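A quick write-up on the structure given underneath.
The values are calculated or read from the model by the stated rules, or taken from the named source; none is laboratory data. In this text, all values refer to a predicted model and were calculated from it rather than measured experimentally. Cβ atoms come from the backbone with ideal geometry, glycine included; neighbour counts cover every protein chain shown. Only protein heavy atoms, including side chains, enter the accessible area calculation; ligands, DNA and RNA are left aside. Shrake-Rupley method; radii C 1.70, N 1.55, O 1.52, S 1.80 Å.
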Amino acid sequence: MTDKPETVRPTAIHDLNALAKAEVDQLLIRTEQDLGPFLELVEPIIAAVKTDGDQALVHFAAKFDAAQIGVGEIAVSESEFQEAENSLPVDLIETLHYAADNIRRFHEEQMPGEMWTKEIRPGVLVGERHTPVESAALYSPRGKGSFPSVTLMTAIPAIVAGVNNPIIVTPTGPDGKIDAGTLVAAKIAGVDQVFKAGGAVAVAAAAFGTATVPKCHVIEGPGSPWVVAAKRLLSGTIASSVRAGPTESMLFCDETADPYLVALDTLIEAEHGPDSSVFTVVPTPEFAARVAQEIERLYQHMSVQRAEFARTVLGGANGGIVIARDLRQGYDFVNAYAPEHLQVMSKHPFEHLAHITEASEILLGECAPSSIANYVMGPNAVLPTSGAAKFGSPLGVHAFLKSASIAHVSQSGFHEMAPHTERFARYEGFDAHANAVSSLRRAGQC
């Protein structure tokens, strides 16, 4: 329970019928989209890590995390793993195993076959083979909380994909220690290399490698705009397939939804921090007023800090209740926003599914709050943000796999395809291309 916050910020209510297009467009903006200031701040951090390696990690741990660690303490020791396990309640460890089992089952189903082939023409066999990347860094944020759930969501698909050298990078607390739940989650997932580095520092360390931190081919995991900016600047050095920034969510409600449950679930992602974005789409002004009232009551069941975070989000430019006067208007707003998390609050949620095309995660019904999906359901909760759902996909095994095209051509297949190939090559002016499939290739060789 919490006392009433000193600053009372009411939940914002936006009526789409009363807004100009420019005002609706303003609602679609996320805090992450203007990375300009962060790109400038991150550049010298990246340069320092590239030049000074472990010394830079120690320096920035003190500067950003108020943590005093030595070069020999960047890598988590086995005794630190053991201390973390001893410090956690047994029932929490049981929950971590329960979540890990569900996450593993989902991602095992997601794995493609190692190779497929098809005879596309007589004597011409084509196909594709999947192999894991050799090394991957998995980022677990810490700023406004600790996230062993993220550790499971990033590490397990990497392990299922077959990555040989997975590592975890995560900030310490001021005591120089990694969150205990994160360390236990790492072990449960199957990763035993964890390094103390956060934000842009961690991205740079994984991109270049240091004397302690191995150089990696990919880095995945959500983070602050600092992390997003570093990933963008280092995209030519280390790959990241999921644009995962500050959290965002949307609830789509029809008239069958329960306003109390809508309010309860609206607050889930709003409590993450003031850089979150949360909108709840409702059918009428009356419904909006009832949800706003329920939200106000539910603040009394949250800590002062989490309630303040939620008030800031829901009462500011990046959140609130949106009134859509008909279903089509509501669908259009959802698809334009392309949320990270979307929950369809309805007694008949599947009726709406076909109309929603732009969302990273679609949770159907009033019994599927995003908190269940974030922790234990199994599908990955590291999701594209800032509208990237329009072209991106959730984190999964594919982020840790690369594919190679496979082809075999017999003599009969060669003789069918060679004339077509030669015509293409002559037209485009490539002599050697054409010669390789012309009469210059000796009879009987192909």
Heads up, region 145-233 by the C-alpha gyration tensor (a ≥ b ≥ c square roots of eigenvalues; a/c under 1.5 rounded, else a/b over b/c prolate, else oblate) looks rounded
Subset of Lys63/Lys177; Lys50/Lys231; Lys187/Lys402; Lys177/Lys215; Lys63/Lys196 violating a 20 Å alpha-carbon distance limit: Lys187/Lys402; Lys177/Lys215
Accessible area per residue for region 91-165 in Å², computed with a 1.4 Å probe and the full protein assembly in place, what is it? 51 Å²
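What order, most packed first, do the peptides 224-231, 388-395, 35-42 have when packing is the mean number of other Cβ atoms within 10 Å of each residue?
My ranking of the peptides, most packed first, is 224-231, 388-395, 35-42.
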What does the extension gain come out to for Thr284 and His420, with contour length at 0.36 nm per residue minus their alpha carbon separation? 42.7 nm
In a GNM of the chain with a 10 Å cut-off on Cα contacts, which of Arg121, Arg290, Arg232 has the highest mean-square fluctuation? Arg121
What distance in nm separates the two pseudo spin-label positions at Gln411 and Ile93, each 7 Å out from Cα along the beta-carbon direction? 6.7 nm
Computed over the Cα atoms, what is the radius of gyration of region 315-386 divided by 2.2 N^0.38 Å, N being its residue count? 1.12
At a 1.4 Å probe, what is the % contribution of carbon and sulfur to the accessible area of region 377-446? 57 percent
Quick check: net charge around Ile13, other residues with Cβ under 12 Å of its Cβ, Lys/Arg +1 and Asp/Glu -1? -1
May I ask for the distance between the Cα centers of region 364-378 and region 403-426, given as a whole number of Å? 50 Å
Roughly how many Å² is the accessible area per residue of region 359-410, as a whole number, for a 1.4 Å probe? 41 Å²
Alpha carbon Rg of region 1-126, scaled by the compact-globule rule 2.2 N^0.38 Å: 1.88
Could you go through region 20-29 in sequence order and give the Karplus-derived ³J(HN,Hα) for each residue, using 6.51 cos²θ - 1.76 cosθ + 1.60 with θ = phi - 60°, rounded to whole Hz, and x for Gly and Pro? 6, 4, 4, 6, 5, 4, 5, 5, 7, 7
Could you identify which residue out of Ile321, Ile93, Ile103 has the top mean-square fluctuation in a GNM of the chain using Cα springs shorter than 10 Å? Ile93
Might you tell me the accessible area per residue for region 193-349, computed with a 1.4 Å probe and given in Å²? 31 Å²
Could you work out which residue, out of Val169, Val201, Val322, moves most in a Gaussian network model of the chain, that is, has the largest mean-square fluctuation with Cα springs under 10 Å? Val322
Net charge (Lys, Arg +1; Asp, Glu -1) of residues whose beta-carbon lies under 12 Å from that of Phe60, Phe60 excluded, is -1
In the chain, whole DSSP H helices that both stretch 18 Å or further along their axis by alpha carbon positions and average at least 0.5 on the Kyte-Doolittle scale are 36-52, 148-161
Two pseudo-spin positions, 7 Å from Cα along C-beta at His301 and at Glu78, lie apart in nanometres by 4.6 nm
Rounded to whole Hz, the Karplus (6.51, -1.76, 1.60) HN-Hα couplings of region 211-219, x for glycine and proline: 4, 9, 8, x, 5, 10, 8, 9, 9
May I ask for the distance between the Cα centers of region 88-162 and region 176-190, given as a whole number of Å? 18 Å
Cut-off under 16 Å on the C-alpha distance; same-chain residues fewer than 8 positions from Lys21 excluded. Which aspartates and glutamates are left, in chain and number order? Asp332
Computed lengthening from Asn164 to Ile29, 0.36 nm per intervening residue step minus Cα-Cα distance: 44.7 nm
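Report in % the part of the accessible area of region 101-248 that belongs to carbon and sulfur, leaving out ligands and nucleic acids; probe 1.4 Å.
Within region 101-248, the accessible surface is 50 percent carbon and sulfur.
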